[in-house]
Amino acid sequence: MTNQRLRKVVIAGGGTAGWMTAAALGRFLKDGYTQVTLVESEEIGTVGVGESTIPQIKIFNRMLGLDELEFVRRTKATFKLGIDFVDWKTIGHRYHHPFGPYGVDMEGVSFHAYWLRQKAMGEAADLGDYSLQAVASAQGKFMRANNQPNSPLGKIDHAYHIDAGLYARFLRGYAEERGVRRQEGRIVDVHQRAEDGFIEAVTLQGGERVEGDLFIDCSGFRGLLIEQTLKTGFEDWSHWLLNDRAVAVPCALGGSTNPVTRATARPAGWQWRIPLQHRLGNGYAYSSAHISEDEATAYLLANLDGEPLRDPFTLRFTAGRRKKSWNKNVVAIGLSAGFMEPLESQSIHLIQVGISRLLAMFPDRRFEQPDIDRYNRVMQFDYETIRDFLILHFHATRRNDTPYWDYLREMPIPDYLADKMAVFKSYGRVFRENEELFTDTSWFAVMIGQGIEPRGHDPMADVMSDHQLRANMDNIRGVIAKSAQVMPDHMTFIAENCAAV
């Protein structure tokens, strides 16, 4: 058999998506397997509004062999234990979506069922009291898991708030050390093979021709290769996810530096607040059909905890995904593949998933269609299940103060989400389907937080006596409270271990 391995891989675009992809390919396509070239232009800015991550990014960083504390130092990051949701169910209401489970399962029955049973008895404490991440983030505490057996301190899960631009710069150095070649220049022309439409080269503004076997489109919303060239098509989800704009601005540090992202519902969208070591990241994701850009910008600037560090900038987008993430010899990763909005910090994760799926299905020059089809199926599942989790936040609300929330509360929803909600409303059960991103804990946290009330609880939880239930629940709550007490202050931990230089 002739050697069909890829000789040249071309990444079109830099930023977080491009350099995450380049770093991963540089890590695994080593020893001269193939040449990886990233083409980017300094003239083209990056989006860079997403600075909040979820715990899965630790898997990606470990895959690259990055030292965690060095990564935090180089990206001026802070740690993140979950997300605080303010004013989503009703104005004045607040709940926490933690990383990691609530309590512990008992006798083979989910802790969620026992909490619902005790709640029906009128004796349950706040759900967040049974989560170490929720308690610690509220107190401004943080530490990494210490591997202590049979203790919540041994199971702490966390993510990061990062400066996305610094992360891309950090990964650029990593990738170039491993043989990735960076080519400066704006792509002005794309060349396709006449016989099958596969892309064979791109031409840069200076006239240089860059040839490749596999092209990875990290060109952002425009989808230079996947859409402008291959006309792949786009699934528009804006009838479920109304937000189509985001105005963002960094500001000076002020207020809380607790290890938590804050998402505050606003009249026509929601506002994020992300603490880093050197500044706060802020933005207002909104629907342009319900508020103007000037109004949204004024609203954001009036609700900052520090002085703005630059002029606000607005990002325009349509919620949805490409009909195919992989078309011919082009794989779209990042914004070129799709975007829903920044809620639940899933944008960088979808970059990571796109990369890991590509590595698992890495092609040779034959580009076998069954492998491409499988990649597209699993990416579609990833996007759609994340989409439905996001829709849950907007749909399950009691707010009726603006037309924006009225529409979201009453709109029809996808069947998958409708089924999840129906099952939950019966006995409070949540099931994680296949390999969907968000766990049963995440679904439970948001459904309870948004005010969905099950008609009952899992009958298996009734096997335990009332006395034993009270004792077990009090013990879990007490252990979590004591564990939080021994954790250091979040910013003290950073100052002593990974302060940015």
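The values are calculated or read from the model by the stated rules, or taken from the named source; none is laboratory data. Not measured: the values here are computed from a predicted model. In this analysis, Cβ positions are derived from the backbone assuming ideal geometry, glycine residues included, and neighbour counts consider all displayed protein chains.
Which one of these is in the same structural domain as LEU38 (by TED's automatic domain parsing) and out of contact with any Asp or Glu (no Cβ under 9 Å at 6 or more places or on another chain): LEU225, LEU204, LEU214? Explain how you work it out, then say what you get.
Working: LEU225 fails: out of contact with any Asp or Glu (no Cβ under 9 Å at 6 or more places or on another chain); LEU204 fails: out of contact with any Asp or Glu (no Cβ under 9 Å at 6 or more places or on another chain).
So the residue among LEU225, LEU204, LEU214 that is in the same structural domain as LEU38 (by TED's automatic domain parsing) and out of contact with any Asp or Glu (no Cβ under 9 Å at 6 or more places or on another chain) is LEU214.
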Restricting region 465-501 to residues that are more than 20 Å from GLN139 (Cα to Cα) and buried (at least 18 other Cβ atoms within 10 Å of the Cβ), which is farthest from the chain's Cα centre (by Cα)? LEU469
Residue list for region 423-437, filter: more than 16 Å from ALA113 (Cα to Cα) and free of Cβ contacts under 8 Å to residues at least 60 places away in the same chain: GLU433, ASN434, GLU435, GLU436
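With the structure loaded, tell me whether GLN139 is surrounded by fewer than 24 Cβ atoms within 10 Å (Cβ to Cβ), farther than 20 Å from ASP84 by Cβ, among the polar types (S, T, N, Q) and not assigned by TED's automatic domain parsing to the domain that holds PRO259 or whether it fails that test.
Values: surrounded by fewer than 24 Cβ atoms within 10 Å (Cβ to Cβ): yes; farther than 20 Å from ASP84 by Cβ: no; among the polar types (S, T, N, Q): yes; not assigned by TED's automatic domain parsing to the domain that holds PRO259: yes.
So GLN139 does not fit the description; no.
On the basis of being of a type outside the set (Ser, Thr, Tyr) and closer than 18 Å to ILE452 by Cα, does LYS141 make the cut?
On the way: of a type outside the set (Ser, Thr, Tyr): yes; closer than 18 Å to ILE452 by Cα: no.
No: the conditions fail for LYS141.
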Going by the conditions given, is ARG310 under 23 Å from LEU253 (Cα atoms), touching a residue at least 12 places away in the same chain (Cβ under 8 Å) and surrounded by fewer than 18 Cβ atoms within 10 Å (Cβ to Cβ)? yes
Selection from region 462-493 of residues that are in contact with a strand residue (DSSP E or B) (Cβ under 8 Å, 6 or more places away or on another chain), within 21 Å of GLY154 (Cβ to Cβ) and not aromatic (Phe, Trp, Tyr): ASN472, ALA484, MET487, PRO488, ASP489, HIS490
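Just need a number here: residues in region 172-212 that are within 30 Å of the chain's Cα centre (by Cα) and either closer than 20 Å to ASP364 by Cα or not aromatic (Phe, Trp, Tyr) (or both). First the steps, then the outcome.
To start, the set of residues in region 172-212 that are within 30 Å of the chain's Cα centre (by Cα) comprises 172-187.
Cutting the leftovers down to either closer than 20 Å to ASP364 by Cα or not aromatic (Phe, Trp, Tyr) (or both) gives us 172-173, 175-187.
Going through region 172-212 one residue at a time, the tally reaches 15.
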Name the single residue that is surrounded by the most Cβ atoms within 10 Å (Cβ to Cβ) among those in region 313-332 being farther than 30 Å from HIS278 by Cα and among the polar types (S, T, N, Q). SER325
Look through ARG321, ARG366, ARG374 and report the one residue that is at pLDDT 95 or above and closer than 30 Å to THR297 by Cβ. ARG321
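Just to check your reading of the model, which residue among TYR407, TYR383 is at pLDDT 95 or above and over 24 Å from ILE291 (Cα atoms)? Spell out the reasoning first.
Details: TYR407 fails: over 24 Å from ILE291 (Cα atoms).
Result of the check over TYR407, TYR383: TYR383.
In region 290-398, which helices (runs of 4 or more DSSP H) lie fully inside it and hold 3 or more residues that are of a type in the set (Ser, Thr, Tyr)?
Numbers: elements: 293-301, 347-360, 369-395.
So the answer is 369-395.
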Any pair with Cβ under 9 angstrom, 6 or more apart, that starts in region 390-414 at a residue that is under 12 Å from ILE452 (Cβ atoms) and ends at one that is β-branched (Val, Ile, Thr) and part of a helix (DSSP H, G or I): LEU392/VAL446; HIS393/VAL446; ALA396/VAL446
